[in-house]
């Protein structure tokens, strides 16, 4: 990637929200063609007076990969500048006040996969902005088997924002492998959340832990007109299946549950 192409991609990252397809595509292209030039430009943006540049710098730095050699496009990419990027992003957060930059930096810390970031991430779990707290839930989920991270995720399962709760339950219950009475009690509570996604992630987490207290609620959920992929995964996990049978309907899951757990009063 030559210098004019790099300049054009950096400029494109500033022309809309991160959710805009052209912006996210520009960031992804910079990730895939990682180089010293791209790193240096993003590093310079970390100290910019323009908040959007600082936000994009974190987004770019956190997933830089060595461009594949010509003739070897299928070669596994090598992640580069991880330590340097981690230092830049954590330093950025020391005095950062802009919510958008904080959000981007926390997402970046999750992608950088350095457990030393966990205390910094947790510092923002009570932030007033829901987008920042969502970034915290995502980032802690990248360290889902770390006890300190799990503690933060458990707290976020009670967040006021349903998206934050959903991702926190997903992180601790579905992605994570740790098990404890506190984790199970939290997942049981989340089975009754007002948000359907949260309830289903909690069901999956309990199924993964083979907790039979899930059965009464699962029976009700399987009586709904249409079951989601998540709900099928929850039932499969409780049944001990290696993967979700692709052709199964609610009746198939019910029959399997009745057989496995000797249920005699399924209404």
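Each reported figure results from applying straightforward, stated rules to the coordinates on display, with no laboratory input. Remember, predicted model here, so these are calculated numbers, not experimental data. Every residue, glycine as well, gets a Cβ built from its backbone with ideal geometry; the counts of neighbours run over all protein chains shown.
Give me the three principal axis extents of the chain from the C-alpha atoms, as integers in angstrom, largest value leading.
Computed over the Cα atoms, the extents are 70, 45, 29 Å.
Semi-axes of the equivalent ellipsoid of the stretch 109-149: what are they in whole Å, largest first, if each equals the square root of 5 times a C-alpha gyration tensor eigenvalue? Mind dumping the intermediate values first?
Working: eigenvalues 54, 18, 15 Å².
Its equivalent ellipsoid spans semi-axes of 16, 10, 9 Å.
Can you sort 128, 13, 186, 120 from fewest to most other Cβ atoms within 10 Å of each residue's own Cβ?
Lowest count first: 128, 120, 186, 13.
What is the distance, in nm, between label points placed 7 Å from the Cα along the Cα-to-Cβ direction at residue 35 and at residue 260?
About 5.3 nm separates the two model spin labels.
What's the angle, to the nearest 10 degrees (0 to 90), between helix 250-261's Cα axis and the longest principal axis of the chain?
The answer is roughly 70 degrees.
By counting other Cβ atoms within 10 Å of each Cβ, how are 244, 129, 95, 159 ranked from fewest to most?
Numbers: 244 17, 129 14, 95 6, 159 20.
Ordered from fewest to most neighbouring Cβ atoms within 10 Å, 244, 129, 95, 159 come out as 95, 129, 244, 159.
Taking 8 Å as the Cα distance limit and 6 or more residues as the minimum spacing, I'd like the relative contact order of the stretch 1-88 as a percentage.
With pairs under 8 Å counted, the relative contact order is 24 percent.
How many angstrom lie between the Cα centre of the stretch 226-254 and the Cα centre of the stretch 103-161?
Centre-to-centre (Cα) distance: 30 Å.
What value, in deg cm²/dmol to 500, does the helix sum -39500 (n - 2.57) over DSSP H runs of n ≥ 4 give at 222 nm once divided by the residues of the chain?
-17500 deg cm²/dmol
Please report the equivalent ellipsoid semi-axes of the stretch 178-217, computed as sqrt(5 x eigenvalue) of the Cα gyration tensor, largest first, in whole Å.
Numbers: eigenvalues 45, 22, 15 Å².
Ellipsoid semi-axes (Å, largest first): 15, 11, 9.
Per residue and in cubic angstrom, what volume does the convex hull of the Cα atoms of the stretch 7-56 have?
Details: hull volume 3.2 nm³, N = 50.
Per residue, the Cα convex hull of the stretch 7-56 comes to 64 Å³.
Rounded, prolate or oblate: which one fits the stretch 161-267, using the alpha carbon gyration tensor with axes a ≥ b ≥ c (rounded when a/c is under 1.5, else prolate when a/b beats b/c, else oblate)? If you can, show how the numbers build up before the last one.
Details: a/c = 1.64, a/b = 1.47, b/c = 1.12.
Prolate, because a/c is 1.5 or more and a/b exceeds b/c.
Using just the C-alpha positions of the stretch 103-226 as equal point scatterers, what log10 of I(q)/I(0) does the Debye formula give at each q in 0.09, 0.10, 0.17 1/Å?
-0.23, -0.29, -0.77
May I ask for the equivalent-ellipsoid semi-axes of the stretch 1-126, computed as the square root of five times each C-alpha gyration tensor eigenvalue and listed largest first in whole Å? Don't skip to the answer; put the middle values down first.
Values: eigenvalues 114, 60, 30 Å².
Listed largest to smallest, the semi-axes of the stretch 1-126 are 24, 17, 12 Å.
Counting other beta carbons within 10 Å of each residue's own, what order do 21, 233, 7 fall into, fewest first?
The most exposed by this proxy come first: 21, 7, 233.
Angle check, please: helix 21-32 long axis (alpha carbons) against the longest principal axis of the chain (alpha carbons), in degrees 0 to 90, nearest 10.
80
For helix 82-94, report the angle its Cα long axis makes with the longest principal axis of the Cα atoms of the chain; keep it between 0 and 90° and round to the nearest 10°.
Result, in degrees: 90.
Can you tell which of 249, 153, 64 shows the greatest fluctuation in a Gaussian network model of the chain with Cα springs below 10 Å?
Comparing 249, 153, 64 in the GNM, the peak value goes to 249.
Find the percent of Cα-Cα distances in the stretch 203-260 that exceed 20 Å, and round it to a whole number.
When every Cα pair of the stretch 203-260 is considered, 8 percent fall beyond 20 Å.
If the viscosity is 1.306 mPa s and the temperature 10 °C, what translational diffusion coefficient in µm²/s does Stokes-Einstein give for the stretch 111-177 when Rh comes from Kirkwood over Cα pairs?
142
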